[in-house]
1. What is the spin-label model distance, in nm, from LEU55 to LEU88 if the labels are put 7 Å beyond Cα along the C-beta direction?
2. Sort 68-79, 53-64 by packing, meaning the average of other beta carbons within 10 Å per residue, with the highest value first.
3. When you have a sec, figure out the Kirkwood radius of region 33-106 from all distinct Cα pair distances and drop it here in Å to one decimal?
4. Quick check: net charge around ILE78, other residues with Cβ under 15 Å of its Cβ, Lys/Arg +1 and Asp/Glu -1?
5. Short version: ³J(HN,Hα) in whole Hz for each residue of region 77-94, in order, from phi by Karplus 6.51 cos²θ - 1.76 cosθ + 1.60 (θ = phi - 60°), x for Gly and Pro, what are they?
6. Spelling out what I want: for every residue of region 64-73, take phi, set θ = phi - 60°, compute 6.51 cos²θ - 1.76 cosθ + 1.60 (Karplus), and round to whole Hz; glycine and proline get x.
Amino acid sequence: MSKKVAAATAFVVTFLIPLVAFAQPAAGAAADDGKMGAYLGAGIAMGLAVLGGGLGQGRAAASAVEGIARNPSAGSKIQTAMLIALALIESLVLFGLLLAYLLQSK
């Protein structure tokens, strides 16, 4: 089986088949007043925040280690700048967590 067929199959199984569960509400079920969208938005917001934060922190650490390996005498300056950058990246992830929390409690 080629990689494209396998990827297409994985996409259909992961994203399209579960949509049938949301096709029609059960008989007698009350309207959710848009809470499903808020929950979905909260999940997507947190997932993107963690993904972006993880990628950003990984790239920052890799670049800092590479810079220290090239010039060991500048290690303390590079390390200080890297720690500040990691703190700012982490603050954005925490902001995403706060947004997800606020969307859920809506």
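1. With each label placed 7 Å out from Cα toward Cβ, I get 1.9 nm.
2. Values: 68-79: 11.7, 53-64: 14.1.
Sorting 68-79, 53-64 by mean packing, highest first, produces 53-64, 68-79.
3. On the way: mean 1/r = 0.0725 Å⁻¹.
Taking the inverse mean of 1/r over all distinct Cα pairs, region 33-106 comes out at 13.8 Å.
4. Working: positive: ARG59, ARG70, LYS77; negative: GLU66.
Here the count lands on +2.
5. Karplus values, whole Hz, x for Gly and Pro: 5, 5, 5, 5, 5, 5, 5, 5, 5, 5, 5, 5, 5, 5, 5, 5, 5, 5.
6. 5, 5, 5, x, 5, 5, 6, 9, x, 6
Every number in this text was worked out from the coordinates using simple rules, so none of it is lab data. Since we're looking at a predicted model, the values are computed, not measured. Note that we place each Cβ from the backbone using ideal geometry, even for glycine, and neighbour counts take in every protein chain shown.
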